[in-house]
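Engineer: Before we start, here is the structure in question, set down as structure tokens.
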Amino acid sequence: MKHRLCIAGNGDLSRKTESNSELTLDRDQSHYLTRVLRLGPGAGVGLFDGKGREWQGSIVAIDGKRATVAFGPLYREAPAPTPLIVAIGWLKGSAMDRVLQKAVELGATDLWIIEAERSNVSLKGDRRTQKLAHYERIMISAAEQCETLWLPKLVATGPVRATLNRERPATGYLLDPGAPVLAPGSDPQPAMILVGPEGGWTDGERAVAMDAGLTAAGLGPLTLRAETAPLAALAALKQSWGWRP
């Protein structure tokens, strides 16, 4: 399909995705289809649920600021990819936007935001909620563009210790300058990449990660920005796996 729309945020989709059923989109999605893409009734659009399924769909009505789409046949289906978690400290401004966008394109399945000790960003209350909602929109847009059928999960996990106490893969890498170069295996296996903030890890955080069984790994002799390192590590893992999901 030429145009794709993620419908993951439209509540319980179990009864809305049957062939010939209809779904009224929210204002943002309606605006995107009708004002940005300038599509009208009858236009085809791919509708995917972020959980491995995509339907052939079409716009059937535009009422004010809301568009309604109809589901056609199931178009594509894909099994869940190998879990690949990227856990990264909060970054300022558009740097985090870029990391999340490109991480979706590179195949991350989960994106965790850490409150590292040297993070220079601290968001609380409504500001935090609004920022996470903004990040979700960035990720959805990236998923729509890159043809994936799976939308990564976004979670703010807290400090490093709390992050590593969550359910996670047994294989984990702590990115740290000066550590041996990241050397993943050739077969896809669940993995986690832990990336520090611009100020780097503290000794205490390193100790927590090592106690939790993570492997310290580097990305060569150059000093990479906090927004570059997770993407380089992701690409390295996916390349070693032959870009298999």
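Engineer: Under the √(5λ) rule applied to the eigenvalues of the Cα gyration tensor, what semi-axes describe the equivalent ellipsoid of region 117-202? Give them in Å, descending.
Structural biologist: Equivalent-ellipsoid dimensions as semi-axes: 24, 21, 13 Å.
Engineer: Around K238, with a cut-off of 14 angstrom between Cβ atoms, what is the net charge of the other residues, counting Lys and Arg +1 and Asp and Glu -1?
Structural biologist: Here the charged neighbours net out to 0.
Engineer: Further question: May I ask you to order 54-66, 226-238 by the average number of other C-beta atoms within 10 Å around their residues, highest value first?
Structural biologist: The densest-packed peptide leads the list: 226-238, 54-66.
Engineer: Let me cross-check Y75: its accessible surface, 1.4 Å probe, with only protein heavy atoms counted, in Å² to the nearest 10?
Structural biologist: Ignoring ligands and nucleic acids, Y75 comes out at about 100 Å².
Engineer: Please list C6, C146 from largest to smallest accessible area, probe radius 1.4 Å, with all protein chains kept in place.
Structural biologist: C146, C6
Engineer: With a cap of 11 neighbouring Cβ atoms within 10 Å, and only residues DSSP puts in a loop, list the trypsin sites (Lys or Arg not before Pro) found in region 70-154.
Structural biologist: The qualifying sites are K124.
Engineer: Next up: So for region 109-245, taking the charge dipole from beta-carbon charges (+1 Lys/Arg, -1 Asp/Glu), which of A191, T157, I140 sits furthest toward the positive end?
Structural biologist: Going by the charge dipole, the pick is I140.
Engineer: So how much accessible area does H31 have, in Å² to the nearest 10, using a 1.4 Å probe?
Structural biologist: In the full protein context, H31 sits at about 100 Å².
Engineer: Just tell me which lysines come within less than 16 Å, Cα to Cα, of K124; anything on the same chain fewer than 8 places away is out.
Structural biologist: Result set, ordered by chain and number: K92.
Engineer: Projected onto the charge dipole of the chain (+1 at Lys/Arg Cβ, -1 at Asp/Glu Cβ, origin at the Cα centre), which of F71, G52, I85 gives the Cα projection farthest towards the positive end?
Structural biologist: Among F71, G52, I85, the one farthest towards the positive end of the dipole of the chain is F71.
Engineer: Sticking with this one: Charges at C-beta only: +1 for Lys and Arg, -1 for Asp and Glu. How large is the resulting dipole of region 1-137 about its Cα centre, in Debye rounded to 20?
Structural biologist: With Lys and Arg at +1 and Asp and Glu at -1, about 460 debye.
Engineer: Let me ask another. Counting only DSSP beta bridges with both residues in the chain, tell me the antiparallel percent, nearest 5.
Structural biologist: DSSP beta bridges in the chain are roughly 40 percent antiparallel.
Engineer: What size of dipole, in debye to the nearest 20, comes out for region 148-245 about its Cα centre when the only charges are +1 on Lys and Arg C-beta atoms and -1 on Asp and Glu C-beta atoms?
Structural biologist: The dipole magnitude comes to about 280 debye.
Engineer: Taking the chain as the reference, fit the longest principal axis to its C-alpha atoms, fit the long axis of helix 125-146 to the helix C-alpha atoms, and give the angle between the two in degrees, 0 to 90, nearest 10.
Structural biologist: Here the helix axis deviates by roughly 70 degrees.
Engineer: May I ask you to work out the translational diffusion coefficient for region 157-221 at 10 °C, viscosity 1.306 mPa s, via Stokes-Einstein with Rh from the Kirkwood sum over Cα pairs, reported in whole µm²/s?
Structural biologist: 129
Engineer: Quickly estimate the mean residue ellipticity at 222 nm for the chain, helices only: each DSSP H run with n ≥ 4 gives -39500 (n - 2.57), and the total goes over all residues, rounded to 500.
Structural biologist: -8500 deg cm²/dmol
Engineer: Can you tell me how much longer the chain between Q145 and H31 gets when fully stretched, taken as 0.36 nm per residue apart minus their C-alpha distance, in nm with one decimal?
Structural biologist: 39.3 nm
Engineer: Identify which of the listed values of semi-axes √(5λ) of the Cα gyration tensor in Å was calculated from the structure shown: [x] 28, 22, 18; [y] 33, 21, 16; [z] 37, 19, 15.
Structural biologist: [z]
Engineer: About its Cα centre, what dipole magnitude does the chain give when the only charges are +1 on Lys and Arg Cβ and -1 on Asp and Glu Cβ, stated in debye to the nearest 20?
Structural biologist: Result for the chain is approximately 540 debye, rounded to the nearest 20.
Engineer: List the lysines whose alpha-carbon lies under 23 Å from that of K51, not counting same-chain residues fewer than 8 positions away?
Structural biologist: Filter leaves K2, K16, K102, K153, K238.
Engineer: So what does log10 I(q)/I(0) come out to for region 31-97 at q = 0.27 Å⁻¹, using the Debye formula with one equal point on every Cα and no solvent?
Structural biologist: The calculated log intensity ratios at q = 0.27 Å⁻¹ are -1.10.
The values are calculated or read from the model by the stated rules, or taken from the named source; none is laboratory data. From a predicted model like this one, the values you see are computed outputs, not experimental measurements. Cβ sites come from the backbone with ideal geometry, for glycine too, and all protein chains shown count toward neighbours. Protein only, heavy atoms only, side chains kept; ligands, DNA and RNA dropped before computing areas. Shrake-Rupley method; radii C 1.70, N 1.55, O 1.52, S 1.80 Å.
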